[in-house]
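Okay, so here's the structure we're looking at.
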Amino acid sequence: MVELYNSGAWLVNGTELIPDGAEACAEVKQKTGLEVKKEDAAKETMAYGILKAHNTSDSMDKLRIRFDKLTSHDITFVGIIQTARASGLEKFPMPYVLTNCHNSLCAVGGTINEDDHMFGLTCAKRYGGVYVPPHQAVIHQYAREMLAGVGKMILGSDSHTRYGALGTMAMGEGGPELVKQLLNQTYDINRPEVVAVYLTGAPVKGVGPQDVALAIIGAVFKNGYVKNKVMEFVGPGVASLSADFRIGVDVMTTETTCLSSIWETDEQVQEWYDIHGRSEEYAELKPGRAAYYDGAIVVDLGSIRPMIAMPFHPSNTYTIEELNANLTDILEDVEKRAAVSLDGAVDFTLKNKVKNGKLMVDQGIIAGCAGGGFENICAAADILKGSYIGAEGFTLSVYPASMPVYMELIRNGKAADILETGAVMKTAFCGPCFGAGDTPANNAFSIRHSTRNFPNREGSKLQNGQIASVALMDARSIAATAANKGVLTAATDFDGEFGKYKYHFDSNIYANRVFDSKGAADESVEIQFGPNIKDWPKMGALPENLVLRVAAEIHDPVTTTDELIPSGETSSYRSNPLGLAEFTLSRKDPEYVGRAKDIQKAETARMAGEHPCQAHPDVKPVMNVVKKSFADASHENTGFGSTIFAVKPGDGSAREQAASCQKVLGGWANIANEYATKRYRSNLINWGMLPFLIGEGELPFKNLDYLFIPGIKKAVEEKAEVIKAYKVDVEAGSLKEFELTLGELTDEERQIILKGCLINYNRV
């Protein structure tokens, strides 16, 4: 289904892919008549052209990007605006859309969710932004309908900010990167590599966009083939896919750990813009006649079959046919993987879901930025029509991605077809994707056309002995399973016909409800706060030396941001940095918060001008050992705090709180073998935390050990390639040396770390 090239590749005339090799240049010349060098052909990708148009530096190797538009939702925009306000924000310098699709139920914590919404509305008025009220649209659907434009760049504070199918290069990042844009600063990265995703053929009946996406994710995630790269979708197979289908594939590219994505455009994309009343945003976008890519993924669309990503990761993929044919072996493997993800906190099995040789499902969900599109729901309705989900435990919920989509489903009768089956139609909401809606019963198995299936992502709580699990599937196969009353079924088994449904976009829905300042700021508007909306606590600058206590040690192959700071109902507290911090690592290491706060007492005392040994009994014996070798170290020049070790932290969500919560608890650093995403590493840096790297192998320290890092301030200033660190053995009265590195840091990133955080760096 999916083939990965072991080398770079040339795309000639937009249609033919040639593997790089000794004869490649000659073959390219023969087919195009052009004599092109590889470095010049790399400039012929669509990605290069868009990045060049948005780069403000004089180097295309060291990019300093200014985006065209920004977008955030209601568990990120409060913190972003509060950070920008603390740094001197006066006006949004570019269109900034504040959507309300995460905490829109207003069901947890009293008034705090609606307080956040009113904060967003008044900030949109005061600073000149756009405010989309709850239930109108999920963040990414609104961006597609109202913000995307060919050749544009959009930055969003949500990891699934992907609009490449519409010719828009979009990136999901942590909130501080949006703060930089609001303060007229830049997004600084090395020019990313670009990988061609070369599509051929056409999908067979019953195969949907989630199937194609999961096939790609399964092929590239584990080997990091596209990590921090741009995926560029090209080839003759693109034309076989509708705009809606492309969007469904595109939004899931986040789960490959790529940086961004971009697709060539054609008349189908032009029709999308025409339908949405924004024809002026369309332009033809194609690679040059001879374009060079740093790698290639070849996807034969006709060979893709309905897919399922089993718990607990989108890359744990099988065809549904393969799963049904090998239930015992695959479920055994899933349970072994789960034992690692769940740390043995609860007993987990799916074998008890097998009845008479069939895998039984408890719940189906079609929702959000991935599943809630018009064509997905129409196809599901066609499969469901005339069927009934039954009166047993199986349930099905469908969430259209926006009110305009919902309106069209009502007008064309598809909503009625779905409701007649016993399924439920709900408003635009991201809750099922992050654990704030449709939480299954304990031990239940849910199939979802959504974006992630990490542990607890569906809303259960391991710390309370609960476990439910999610498998990712396409809306079509979810509907086929629902029509079969919960028996796992591939949509290719559907023997009916899919209709052709014309979409009509009703712009009046937004015109009558969305606040759009048209860029006009009104400084007379008073921002409306609520009691849960708190300012960021004071954060100190990086001291000369550091004493760090290891407060958590995680040896999972990958640690997600959901494990670093849980999603679900905790999202309601994301306007309160100290309140949210109480949940840090609560699903992975419930003792972490207490350990971090314990050593933080020493730094709090030091910053207040007091002696830290009076605040924590370990300070004196640790410093006595340190002083034997580093006589100049003292409480005046040595900071105290915590760190965590994780093998590969930061997969998944862009949420900055995965880093900021550690920071407000006194965290100074992470130590990792590698970082899963650029997003998480950037979040650490922007919150003044050192993104240390340590070589793979046996660790020179363990949980609760104290580490001493002398001259860290100087090392950051002078760009030291290797940083000497020491494990403090109080009992033996000795130091054990080991080495850390920081990886590449820009000059600005170094200054942010030295100042202690982005707020300090920008404070006026």
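The values are calculated or read from the model by the stated rules, or taken from the named source; none is laboratory data. All of these numbers come straight from a predicted model, not from anything done at the bench. In this analysis, Cβ positions are derived from the backbone assuming ideal geometry, glycine residues included, and neighbour counts consider all displayed protein chains.
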Query raised in the report: Restricting the search to segment 337-346, which residues are outside any helix (DSSP H, G or I) and touching a residue at least 60 places away in the same chain (Cβ under 8 Å)?
Result: L342, D343, A345, V346
Query raised in the report: For the subset of segment 701-729 comprising residues that are over 32 Å from the mean Cα position of the chain (by Cα) and surrounded by fewer than 17 Cβ atoms within 10 Å (Cβ to Cβ), which member is nearest to G639 (Cα to Cα)?
Result: K714
Query raised in the report: Here are some conditions: (1) within 23 Å of V730 (Cα to Cα); (2) among the aliphatic types (A, V, I, L, M); (3) part of a helix (DSSP H, G or I). A552 meets all but one. Which one does it not meet?
Result: (3)
Requested in this report: Filter segment 217-242 down to the residues that are buried (at least 24 other Cβ atoms within 10 Å of the Cβ) and assigned to a helix (DSSP H, G or I), then identify the one that is nearest to the chain's Cα centre (by Cα).
Outcome: I217
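Yes/no matrix, rows are residues, columns are (1) aromatic (F, W, Y); (2) buried (at least 24 other Cβ atoms within 10 Å of the Cβ); (3) more than 28 Å from N190 (Cα to Cα):
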site: V593; (1), (2), (3): no, no, yes
site: A602; (1), (2), (3): no, yes, yes
site: A608; (1), (2), (3): no, no, yes
site: H616; (1), (2), (3): no, no, yes
site: N624; (1), (2), (3): no, no, yes
site: T638; (1), (2), (3): no, yes, yes
site: G666; (1), (2), (3): no, yes, yes
site: T677; (1), (2), (3): no, yes, no
Query raised in the report: Of these, E23, E27, which one is of a type outside the set (S, T, N, Q), in contact with a strand residue (DSSP E or B) (Cβ under 9 Å, 6 or more places away or on another chain) and either free of Cβ contacts under 8 Å to residues at least 60 places away in the same chain or assigned by TED's automatic domain parsing to the domain that holds T168 (or both)?
Result: E27
Report summary line: Quick count over segment 22-45, residues being part of a loop (DSSP other than H, G, I, E, B) and surrounded by fewer than 13 Cβ atoms within 10 Å (Cβ to Cβ), is 5
Query - Considering residues of segment 289-308 that are assigned to a strand (DSSP E or B) and of a type in the set (V, I, T) only, the residue surrounded by the most Cβ atoms within 10 Å (Cβ to Cβ) - result: I308
Query raised in the report: Is it fair to say T427 is surrounded by fewer than 24 Cβ atoms within 10 Å (Cβ to Cβ), more than 30 Å from the chain's Cα centre (by Cα) and among the polar types (S, T, N, Q)?
Result: no
**Report entry** Top-ranked residue of segment 693-703 - restricted to ones that are touching a residue at least 12 places away in the same chain (Cβ under 8 Å) and not in a strand (DSSP E or B), ranked as nearest to E749 (Cα to Cα)
**Finding:** I694
Query raised in the report: Just checking, which of A428, A370 is over 25 Å from F494 (Cα atoms) and at pLDDT 90 or above?
Result: A428
Query raised in the report: Which of the residues spanning segment 190-216 are assigned to a strand (DSSP E or B), buried (at least 18 other Cβ atoms within 10 Å of the Cβ) and in contact with a Lys or Arg (Cβ under 8 Å, 6 or more places away or on another chain)?
Result: V194, V195
**Report entry** Qualifying residues in segment 687-716 (those that are out of contact with any Leu (no Cβ under 7 Å at 6 or more places or on another chain) and of a type in the set (D, E, K, R)) - the one nearest to G540 (Cα to Cα)
**Finding:** K714
Query raised in the report: For segment 712-734, which residues satisfy the criterion of being within 13 Å of M623 (Cα to Cα), in a strand (DSSP E or B) and touching a Phe, Trp or Tyr at 6+ places or on another chain (Cβ under 8 Å)?
Result: Y726, K727, V728
Report task. Tell me which of these D535 doesn't satisfy, since it passes every other one: (1) modelled with pLDDT under 90; (2) more than 28 Å from S159 (Cα to Cα). Result -> (2)
Query raised in the report: Cβ-Cβ below 7 Å, separation at least six or inter-chain, first residue in segment 325-336 and part of a helix (DSSP H, G or I), second surrounded by fewer than 17 Cβ atoms within 10 Å (Cβ to Cβ): which pairs?
Result: L327/V354; L331/K351; E335/T349
Report task. Answer yes if at least one residue in segment 406-415 is under 24 Å from Q136 (Cβ atoms), crowded, with 24+ Cβ neighbours inside 10 Å and over 23 Å from the mean Cα position of the chain (by Cα), and no otherwise. Result -> yes
Query raised in the report: (1) crowded, with 23+ Cβ neighbours inside 10 Å; (2) touching an Asp or Glu at 6+ places or on another chain (Cβ under 9 Å); (3) not basic (K, R): which one isn't true of S660, the others all being true?
Result: (2)
Query raised in the report: Within segment 69-90, is even one residue on the phi > 0 side of the Ramachandran plot and free of Cβ contacts under 8 Å to residues at least 24 places away in the same chain?
Result: no
Query raised in the report: Name the pairs whose Cβ atoms lie under 8 Å apart, with the first residue in segment 305-318 and over 20 Å from N443 (Cβ atoms), the second in a loop (DSSP other than H, G, I, E, B) and among the β-branched types (V, I, T), and 6 or more positions between them or separate chains?
Result: R305/V204; R305/V207; P306/V207; P314/T451
Query raised in the report: Say we look at segment 440-461 and pick out the residues that are at pLDDT 90 or above and farther than 17 Å from M252 by Cα; which of these is surrounded by the most Cβ atoms within 10 Å (Cβ to Cβ)?
Result: S446
Requested in this report: Answer with yes or no whether L580 is at pLDDT 90 or above, closer than 21 Å to E114 by Cα and not β-branched (V, I, T).
Outcome: yes
Requested in this report: Name the one entry in D250, D266 that is more than 20 Å from the chain's Cα centre (by Cα), of a type in the set (D, E) and under 28 Å from H504 (Cβ atoms).
Outcome: D266
Report task. State whether one or more residues within segment 530-541 are farther than 30 Å from N223 by Cβ, outside any loop (DSSP other than H, G, I, E, B) and under 28 Å from the mean Cα position of the chain (by Cα). Result -> no
Query raised in the report: When the residues of segment 569-602 are filtered to those that are of a type outside the set (V, I, T), under 12 Å from G109 (Cβ atoms) and part of a helix (DSSP H, G or I), which remaining residue is farthest from the chain's Cα centre (by Cα)?
Result: G579
Requested in this report: Determine, yes or no, whether V764 is among the β-branched types (V, I, T), modelled with pLDDT of 95 or more, out of contact with any Lys or Arg (no Cβ under 8 Å at 6 or more places or on another chain) and not in a helix (DSSP H, G or I).
Outcome: no
Requested in this report: Assess whether I554 counts as being under 23 Å from D116 (Cα atoms) and under 28 Å from the mean Cα position of the chain (by Cα).
Outcome: no
Query raised in the report: Can you name the residue in segment 261-288 that is of a type in the set (A, V, I, L, M) and outside any helix (DSSP H, G or I) and, of all such residues, is surrounded by the most Cβ atoms within 10 Å (Cβ to Cβ)?
Result: I262
